[in-house]
Amino acid sequence: MPGTTEGTDPLIDRVDALIGGGYVGKEKAASVAAEVPESATRILGWLRVMAGAGDWRRFERFAGVAVHLHPDGLAEILLSALQPSAPSGQDTAGAPRVNTEDVVDMLGELRAPEAVGPISRLLRDKRESDAPFFAVCTKIIHSLAEIGTPDARDVLREVATGSWPKPLKWHAAEELGIEEELGFDEDEMPGGA
């Protein structure tokens, strides 16, 4: 059946049952790894199978486990899931395959330097369409700060000092710790006193 990996590998179904619903944090990921030790070495393969099948709901949940297991190669798989989908199957042409905010958050948590370029392009693409609340853009700014490489900090500085919407400039400046230097009035910014 398209869009599902059910029955592909019995361990996938077992891990899926262990993950259950809701947020997948460190404790849940550790519990899954303890119950199914093979998951640590097989999770990247499972994520590839899920992506190939378009099983995005399950992909996101397994990625939530994987981000806490830190397998080499996870960032590449997460980045591929952020690419707009092709006009085939159940995907809508040009629509993201997964929850963009969640995947961007995972890339920040991984501190994946290879994500700087792709999520910076996403930030530029979303700067107008994400208004007025800038949920995705704010998540990208936070993830760039978590990654913390010189390239990531350069992007944050570009946002903080460039011709970006004021809330994004403030978030970038705050992540860099230069909001006072740039003269931002905290009372006028999101979450201000």
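The values are calculated or read from the model by the stated rules, or taken from the named source; none is laboratory data. Note that the structure is a prediction, hence the values are computed from the model and not measured. We place every Cβ from the backbone using ideal geometry, glycine too, and count neighbours over all the protein chains shown. Just so you know, the surface numbers come from the protein's heavy atoms only, side chains and all, with ligands and any DNA or RNA stripped out. Shrake-Rupley method; radii C 1.70, N 1.55, O 1.52, S 1.80 Å.
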Carbon/sulfur fraction of accessible area - the chain, other protein chains in place, 1.4 Å, %: 50
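Mind running the shape call on the chain? Use the C-alpha gyration tensor, a ≥ b ≥ c as the square roots of the eigenvalues: rounded below 1.5 for a/c, prolate if a/b tops b/c, oblate otherwise.
Values: a/c = 2.47, a/b = 1.85, b/c = 1.33.
Judged from the Cα gyration tensor, the chain comes out prolate (a/c at least 1.5, a/b above b/c).
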Residues of type lysines that LYS26 reaches as a straight line, Cα spacing below 26 Å, ignoring anything fewer than 8 places off in the same chain: LYS139
Top positive-direction residue, dipole computed over the chain with Cβ charges, set SER80, PRO167, THR149: SER80
Karplus-derived 3J(HN,Hα), 6.51/-1.76/1.60, for each residue of the range 161-166, Hz, glycine and proline x: 10, x, 8, 9, x, 3
The chain - charge dipole about Cα centre, Lys and Arg +1 at Cβ, Asp and Glu -1, debye rounded to 20: 620
Backbone HN-Hα couplings from phi across the range 120-129 [Karplus 6.51/-1.76/1.60, Hz, Gly and Pro as x]: 5, 5, 4, 4, 5, 5, 8, 4, 8, 6
Label-point separation, ARG111 to ASP9 (7 Å along Cα→Cβ), nm: 2.8
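Divide by every residue of the chain the summed helix terms, -39500 (n - 2.57) for each DSSP H run of at least 4, and state the resulting mean residue ellipticity at 222 nm, rounded to the nearest 500 deg cm²/dmol. Each step should come with its number before you reach the end.
Values: 10 runs with 116 residues, N = 193.
Helix contribution divided over all residues of the chain: -18500 deg cm²/dmol.
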Per-residue ³J(HN,Hα) for the range 168-175, Karplus 6.51 cos²θ - 1.76 cosθ + 1.60, θ = phi - 60°, Hz, x for Gly and Pro: 6, 4, 5, 4, 5, 4, 5, 5
Options MET50, PRO113, ASN99, ranked by Cα towards positive dipole end of the chain, top entry (Cβ charges): MET50
